[in-house]
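What follows is one structure encoded as structure tokens, with my remarks underneath.
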Amino acid sequence: MDLKDRLSNLMIECSDARFEDFTQWIVKKLWNEYDKDCMDKRVIIENQIKELPIVIPNGTVGKEYSATIRLPEDVIEDYWLDGLDDIGLQGNPEEHNVCTISGVPTTAGSFEIVLRYKYKGCIDEKDLLQRGFPIVINPDPRTLWKDVPTPEDIEYYQPDRDHTYVKVEARDGIPQKDIVAASQRGRSHAHEGNPRDDHFRVEYLEDCGWYVMAVADGAGSAKYSRKGSWLACDTSVEHCKSYFSDEKSLHDFEEYITTYNGEANDEYRKLLGDSIHQLIGNAAFKSYKAIEAEAVSKGVPIKNYATTLLLAVCKKFDFGWFVASFWVGDGAMCIYDKERKYFKLLGTPDEGEFAGQTRFLTMPEIFRDATSFYGRLKFSIEQDFTALMLMTDGVSDPMFETDANLNKIEKWDALWENITKEVKLTDDNTESQYQLMQWLDFWSQGNHDDRTIAILY
Amino acid sequence: MPDIYSLLRNMGRRLPVYMLIDTSGSMRGEPIESVKVGLEAMLSSLRQEPYALDTVNISIITFDREVKVLAPLTPLEDFQLPEIVVPESGPTFTGAALELLCKQVDAEVRLSTPERKGDWMPLLFLLTDGKPSDKQAYNNVIPEIKKRHFASIVACAAGMHAKTEPLKQLTDQVFALDTLDSASFKKFFQWVSASIEIGNKSIGATDELELPPPPEEVNVIV
């Protein structure tokens, strides 16, 4: 039955023209209603999707990325993501409208990903909806570091890297221990074109057979700390040299060592202790005085020269090795023996509650309190050892991470293995200074300070 | 397997940066929108600094009649600027915000122990366009803030109605912005980001940071 018959059943008679008008009217009216209904549905869904919290984590260039978004199944029929390709990512739609975004980002910046979707009830294929959501890709921090040479015309200029090898010839066919040392400007300094603040000085005194080693770390925030570390190393080593060149002091000192080794009683201990104080303690104090004099001549506070100091002297006797040391500040100083699985820290690092807080040679209180000052002086008699190592915190922080780890043999073993993998520490290998320099370039996130290490082996 | 980088990052030394932002009614509209633009610009400029990417951690605390931790201390690498909502009107509880800050610092900032490396000393930036409504609480909390060992506290008084006197009790480093528009905030946050970078580099000896000179739009209050 058609529409006209239905009308006549209802006793409605109309002309053809009127009937035509009526049908047009009804179609238009229904169409409008239908259209509005479709539109409403579309807008409701569009708003619902717009409000959807789509939060995905930030990515980093070169680092595997993975994130998941979930879209409501009841309103979205099909979808895809635009804008991922450009940054090296892919969208992988899975069942139940779950989509994983993955890949290795290639481009850094803030981007907008566009979600395009076909909503439920959408008839026209071309009638797609969309919304954007942000993604942040961090640059790879490794690529951001700049290496700006230190201007050579600054006050107290020192080269950005330094290395040395002290070769001690074999005696009676027996190889003698050598010293290798290297110092590298930290990335954080290089990035700004700031100078290296670390310094070292190592020597072997041919005439008397003593080794003298000093490593110092100038505080990054102190204006002239590079001169402070330089003066600390230089003055302390010079003092030791002059002490050993004095026949009487040298003779007495070595005699006290031998006597003490024969019988470790209180009297001999005191005699030896006093000599160590004259040698190492005075070396430290003279360094402090030298820095103070420099500060006075410049008319600036001594804290502008803030530096740490690790100082060790060492000699082989027929009963074994004698080592004496002084340590103020952070870093590490240690006697290590690989075969015996043995290590002995020559003191404890000075560290505060917060990172970077330490004590410096330039603090007058270091010398004011005799007990704590004596505590910084150490000596040890060892049969033999693989290495005596002095390093600044630029090396010890990334290698040991915590103070507690400094007391773990596994950590010292790991450090030794790490170094010797790249640095051939065989007798008289002068090349190892370049290998050590290379090794110092290791990557460790957040650890970009100057790095210095001296090894007697 | 856990991501080795995130493991290292969790162990490493962080530079905590706390941003306290006034969201009282008067900040509604253009001012807060400008702050957001400024913060975004600050974040993207910090992301260009390798040391900042490695160490900076940011927290945002807002204060109006309520105080809220909008973002707990989060590594810059992962940080996403949260939505900042401003109520229509109401008081400015700066004191309560500083109290909450102390709690956050105590819970979040790591001190050195033998087993763990401590964080760098934290930085604090406080931005307000008014004055503390909770004067008593504000005065009481100041000595507590001093105990938290901030490496630097920078207070910014934004706009005509901001009072600098109370801020001067909190820190010597008080700055003022004449207007609350996006140009001023952008300059301010650019300067904040430069200051954070200085914080990154200042290692050890100094007790107080030497901040970079502020831009023209930022007036130093002496």
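Values for this structure:
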{"item": "Pair list, Cβ < 8 Å and 6+ apart or interchain, from region A:60-73 residues that are under 28 Å from A:I49 (Cβ atoms) to residues that are assigned to a loop (DSSP other than H, G, I, E, B) and among the aliphatic types (A, V, I, L, M)", "result": "A:Y65/A:V104; A:A67/A:I56; A:I69/A:I54; A:I69/A:I56; A:L71/A:L52; A:P72/A:L52"}
{"item": "Any hit, region A:276-283, residues being touching a Ser or Thr at 6+ places or on another chain (Cβ under 6 Å), surrounded by 22 or more Cβ atoms within 10 Å (Cβ to Cβ), touching a residue at least 60 places away in the same chain (Cβ under 8 Å) and among the small types (G, A, S)", "result": "no"}
{"item": "Filter result (within 14 Å of another protein chain (Cβ to nearest Cβ) and in contact with a helix residue (DSSP H, G or I) (Cβ under 9 Å, 6 or more places away or on another chain)) within region A:19-70", "result": "A:P57, A:N58, A:G59, A:T60, A:V61, A:G62, A:K63"}
{"item": "Residue match in region A:146-155 (condition: touching an Asp or Glu at 6+ places or on another chain (Cβ under 8 Å) and crowded, with 19+ Cβ neighbours inside 10 Å)", "result": "yes"}
{"item": "Some residue of region A:427-443 being in contact with a strand residue (DSSP E or B) (Cβ under 6 Å, 6 or more places away or on another chain), under 22 Å from A:L346 (Cβ atoms) and more than 14 Å from every other protein chain (Cβ to nearest Cβ)", "result": "yes"}
{"item": "Selection within region A:396-426 - under 22 Å from A:L311 (Cβ atoms) and within 14 Å of chain B (Cβ to nearest Cβ)", "result": "A:S396, A:D397, A:M399, A:F400, A:D403, A:L406, A:N407"}
{"item": "Positions within region A:248-277 being within 12 Å of A:A324 (Cα to Cα) and touching a helix residue (DSSP H, G or I) at 6+ places or on another chain (Cβ under 7 Å), in sequence order", "result": "A:F253, A:I257, A:L272, A:S275"}
{"item": "Tally of residues being under 29 Å from A:G329 (Cα atoms) and aromatic (F, W, Y) across region A:257-286", "result": "1"}
{"item": "Exclusive hit being hydroxyl-bearing (S, T, Y) and more than 30 Å from A:A170 (Cβ to Cβ), set A:T402, A:T430", "result": "A:T402"}
{"item": "Region A:350-395 - residue that is small (G, A, S) and within 14 Å of chain B (Cβ to nearest Cβ) and, of those, surrounded by the fewest Cβ atoms within 10 Å (Cβ to Cβ)", "result": "A:G352"}
{"item": "Boolean, A:R201 is crowded, with 24+ Cβ neighbours inside 10 Å, touching a Phe, Trp or Tyr at 6+ places or on another chain (Cβ under 9 Å), closer than 28 Å to A:A283 by Cα and not small (G, A, S)", "result": "no"}
{"item": "Every residue from region B:41-58 that is buried (at least 22 other Cβ atoms within 10 Å of the Cβ) and polar (S, T, N, Q)", "result": "B:T55, B:N57"}
{"item": "Flag for A:A214 being modelled with pLDDT of 95 or more, buried (at least 24 other Cβ atoms within 10 Å of the Cβ), touching a helix residue (DSSP H, G or I) at 6+ places or on another chain (Cβ under 8 Å) and not aromatic (F, W, Y)", "result": "yes"}
{"item": "Qualifying residue in region A:98-119 (condition: under 33 Å from the mean Cα position of the chain (by Cα), within 12 Å of chain B (Cβ to nearest Cβ) and β-branched (V, I, T))", "result": "no"}
{"item": "Enumerated helices (runs of 4 or more DSSP H) restricted to region A:335-437, each holding at least 2 residues that are among the aliphatic types (A, V, I, L, M)", "result": "A:393-400, A:409-422"}
{"item": "Which listed residue is at pLDDT below 95, part of a helix (DSSP H, G or I) and aromatic (F, W, Y), from A:Y268, A:Y288", "result": "A:Y268"}
{"item": "Single residue of A:D162, A:D178, A:D140 found to be surrounded by 13 or more Cβ atoms within 10 Å (Cβ to Cβ), under 30 Å from A:I419 (Cβ atoms) and in contact with a Gly (Cβ under 8 Å, 6 or more places away or on another chain)", "result": "A:D140"}
{"item": "The listed residue being farther than 23 Å from A:F111 by Cβ, part of a helix (DSSP H, G or I) and not aliphatic (A, V, I, L, M), out of B:P16, B:P31", "result": "B:P31"}
{"item": "Residues satisfying the stated conditions in region A:292-313, i.e. surrounded by 24 or more Cβ atoms within 10 Å (Cβ to Cβ) and not in a strand (DSSP E or B)", "result": "A:Y305, A:A306, A:T308"}
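The values are calculated or read from the model by the stated rules, or taken from the named source; none is laboratory data. Small disclaimer: the values here were computed from a predicted structure and weren't measured. With ideal geometry, Cβ positions are generated from the backbone for all residues, glycine too; neighbour counts draw on all protein chains shown.
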